[in-house]
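Beneath this line is the structure, given in structure tokens, with notes to follow.
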Amino acid sequence: MRTNLTSRCVRNCLTVCASIGVFCSHGLAQDADVKLGWADQKPENEPFVQTEQGYMVSYRTKIPGTEIEFEMVPIPGGKFLMGSPADEEDRMDDEGPQFEVTVEPFWIGKYEITWAEYRRFMLLHDIFKKFQGEGIRKVADDRGLDVVTAPSSLYDPSFTFQAGSDDRGPAATMTQYAAKQYTKWLGLTSRQYYRLPTEAEWEYACRAGTTTRYSFGDDVEELDDYAWHEENSDGSRHDVGGKKPNPWGLYDMHGNVAEWVLDEYTDSGYAKFNGEPQTIESAFQQPTKLYPRVVRGGSFDLATEDCRSAARLGSEDRDWKEEDPNFPKSPWWYTTEPATGVGFRLVRPMRVPATRESQEAFWKADVPSILDDVIQRVRQEGRGALGIVDEELPAVIQERFPKKN
């Protein structure tokens, strides 16, 4: 018989996740494949970042239990001026005032998350439902630390896929919460700490040491070589990596799809910092409400000025869910432009946060309205699912669902 999840169990599991942090019971460990992305000797023919712990290098790895690969690139630490100068062409008021940010080294996705990668996460919905029906890997209060919410089935795939759905195309239209749950799922199964970038990390990686409008310079006529945008995309998303990379080897930073970062968006931009130097931690603007949140990088259906390194877009849940035929609106999906051009890429910090609370801060439902929405949707058949995620999950899926691998 189907295991009925009571609202008490659902709320307790998710509240534990939201308050103390979510790592598998074995620990999201730095002892798991500790050499991933590290070299003891200075590499001769590949980019690297030298640190006290060794040499950070690019790496290619697979989503556990699959043949689906993704690539991460090391980014050196340093300082930069965040935002745009007052005299930059097409500058908006929310891009300033500029302030200095000190950045520690980290890895970032070479490409935006693709549909091949994100569809693997989407499969968890049916898998978790099957587990519930079979009474295995039960979601219970004592396993709350391991819970991930899988996105609901698409209401109408035409909303999501009208701009492209190829495996190498960038995944898009997911909410920030869904993107964060993806990073949590990948982190728990791989035992490596992945999350979304903060806004400062994203701009630092995009600029790649430059101070110009774009990472390649100021001339918008060169943008076609680096980005898919409103004027050259034919209204479609395109396979990742089809244009030139920025100076640090990152593709599609100026277009294709815009990308979620972790920060709250405010019309006042960076006024709260008063132009004073910040660290990555202090520059992070923790969300305090459902929206708006910051989206970066331009997209296939945004103008060229929106593709600049400093350009910002604030999310708008009401408008971005206008075509959503369900009530309440999905906490996992958007349906309406410009959200059809919003995706994300991964970050893996060099230093894993020391406490469970600080680790979970980058994954959780960070305002009560999201948590309440998820609970309500999970209680409705076919609208989201809860499941236990740990390093054993890929093997269980391979055993019980061989056709899904």
From the options ALA171, ALA116, residue that is farther than 18 Å from VAL374 by Cα, among the hydrophobic types (A, V, I, L, M, F, W, C), modelled with pLDDT of 90 or more and surrounded by fewer than 19 Cβ atoms within 10 Å (Cβ to Cβ): ALA116
Restricting to the range 186-213, count the residues that are β-branched (Val, Ile, Thr) and under 22 Å from VAL389 (Cα atoms). 1
Being open to solvent by 20 Å² or more (accessible area, probe 1.4 Å) and touching a residue at least 24 places away in the same chain (Cβ under 8 Å) narrows it down to one residue among GLN176, GLN181, GLN162, GLN192; which is it? GLN162
Would you pick out the residues in the range 306-320 that are open to solvent by 20 Å² or more (accessible area, probe 1.4 Å) and among the charged types (D, E, K, R)? ASP306, ARG312, GLU316, ARG318, ASP319
Of (1) within 18 Å of the chain's Cα centre (by Cα); (2) not in a loop (DSSP other than H, G, I, E, B), GLU357 satisfies every one except (1)
Subset of the range 256-268 [charged (D, E, K, R) and open to solvent by 40 Å² or more (accessible area, probe 1.4 Å)]: ASP267
Sole residue being among the acidic types (Asp, Glu), touching a Ser or Thr at 6+ places or on another chain (Cβ under 8 Å), closer than 20 Å to GLY96 by Cα and part of a helix (DSSP H, G or I), chosen from ASP306, ASP319: ASP306
With the requirement that a residue be part of a loop (DSSP other than H, G, I, E, B) and closer than 20 Å to SER84 by Cβ, what does the range 291-303 give you? PRO292, GLY297, GLY298, SER299, LEU302, ALA303
Among the residues of the range 216-234, write down those that are open to solvent by less than 60 Å² (accessible area, probe 1.4 Å) and in contact (Cβ under 8 Å) with a residue 40 or more places away in the chain. VAL220, LEU223, ALA227, TRP228, HIS229, SER233
Name the one entry in THR66, THR61, THR3 that is assigned to a loop (DSSP other than H, G, I, E, B), at pLDDT 55 or above and surrounded by 14 or more Cβ atoms within 10 Å (Cβ to Cβ). THR66
Considering every residue within the range 316-334, establish whether at least one is of a type in the set (Asp, Glu) and in contact with a helix residue (DSSP H, G or I) (Cβ under 7 Å, 6 or more places away or on another chain). yes
Residue list for the range 279-294, filter: touching a residue at least 12 places away in the same chain (Cβ under 8 Å), within 15 Å of GLU201 (Cα to Cα) and out of contact with any Phe, Trp or Tyr (no Cβ under 6 Å at 6 or more places or on another chain): THR279, ILE280, ALA283, PHE284, GLN285, GLN286
Within the range 362-395, of all residues that are in contact (Cβ under 8 Å) with a residue 24 or more places away in the chain and of a type in the set (D, E, K, R), the one farthest from LEU123 (Cα to Cα) is ASP366
Give me the pairs: first residue in the range 235-259 and over 22 Å from PHE161 (Cα atoms), second residue at pLDDT below 95, beta-carbon distance under 9 Å, and six or more apart or on different chains, which are they? TRP248/PRO47; GLY249/PRO47
From the list ALA303, ALA271, which residue is of a type in the set (Gly, Ala, Ser), out of contact with any Asp or Glu (no Cβ under 6 Å at 6 or more places or on another chain) and open to solvent by 10 Å² or more (accessible area, probe 1.4 Å)? ALA271
Residue under evaluation MET92, criteria (1) crowded, with 19+ Cβ neighbours inside 10 Å; (2) modelled with pLDDT of 95 or more, criterion not met: (1)
If you check VAL347 against the conditions, is it touching a Leu at 6+ places or on another chain (Cβ under 9 Å), crowded, with 17+ Cβ neighbours inside 10 Å and either hydroxyl-bearing (Ser, Thr, Tyr) or farther than 15 Å from GLY255 by Cα (or both)? yes
Those residues that are at pLDDT 80 or above, more than 19 Å from the chain's Cα centre (by Cα) and farther than 20 Å from ARG377 by Cβ, I need them from the range 135-165; list them, please. GLY135, ILE136, ARG137
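The values are calculated or read from the model by the stated rules, or taken from the named source; none is laboratory data. Just so you know, these numbers come straight off a predicted model, no measurement behind them. Quick reminder, even Gly has a Cβ in these numbers, built from the backbone with ideal geometry, and neighbours come from all protein chains shown. All accessible areas refer to the heavy atoms of the entire protein, side chains included, with ligands and DNA or RNA removed. Shrake-Rupley method; radii C 1.70, N 1.55, O 1.52, S 1.80 Å.
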